[in-house]
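First the structure, in the form of structure tokens, and then the observations on it.
The values are calculated or read from the model by the stated rules, or taken from the named source; none is laboratory data. The model shown is predicted, which means the values in this text are computed figures rather than measured ones. Cβ sites come from the backbone with ideal geometry, for glycine too, and all protein chains shown count toward neighbours.
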Amino acid sequence: MLFSEQNGSRAAAQIKAFEDTWRWDQEAAREYKEVVEAGGQVSRALQAFRTILGENNMLAYLAMMALRLVELRGYPGIQQASSRTAVRR
């Protein structure tokens with residue numbers, strides 16, 4: 001669990017923020033696929049998150065962040081965000 005209270009229960013307010021902002025949809029799936037196909041540590045980490053979390057809004061957020069991370073690090077095969085549709089908020 002990524003967000004939890006000290007007693008181990010889910011931190012509902014933090015999880016709610018992701019439900020309100022990010023959606024697991026075709027765009028998120030494309031971003032996930034792009035990162036995974038690039039390979040490397042970020043790819044493996046994102047695949048592990050998918051195993052743990054499943055396809056949900058939290059994974060959509062992580063896929064978007066992972067894609068930006070690999071863009072910043074200049075991995076080959078990753079298209080720059082500026083050449084895709086507008087960055088989601």
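Couple of notes before you dig in:
- Scanning the range 25-48 for residues that are within 10 Å of the chain's Cα centre (by Cα) and surrounded by 17 or more Cβ atoms within 10 Å (Cβ to Cβ) yields A28, E31, Y32, V35, L46.
- Boolean, T51 is modelled with pLDDT of 95 or more and either surrounded by 10 or more Cβ atoms within 10 Å (Cβ to Cβ) or not small (G, A, S) (or both): yes
- Within the range 28-56, residues that are in contact (Cβ under 8 Å) with a residue 12 or more places away in the chain have Cβ atoms under 6 Å from residues that are outside any helix (DSSP H, G or I) in these pairs: A38/Y75; A38/G77; A38/I78; E55/W24; N56/W24, counting only partners at least 6 apart in sequence or on another chain.
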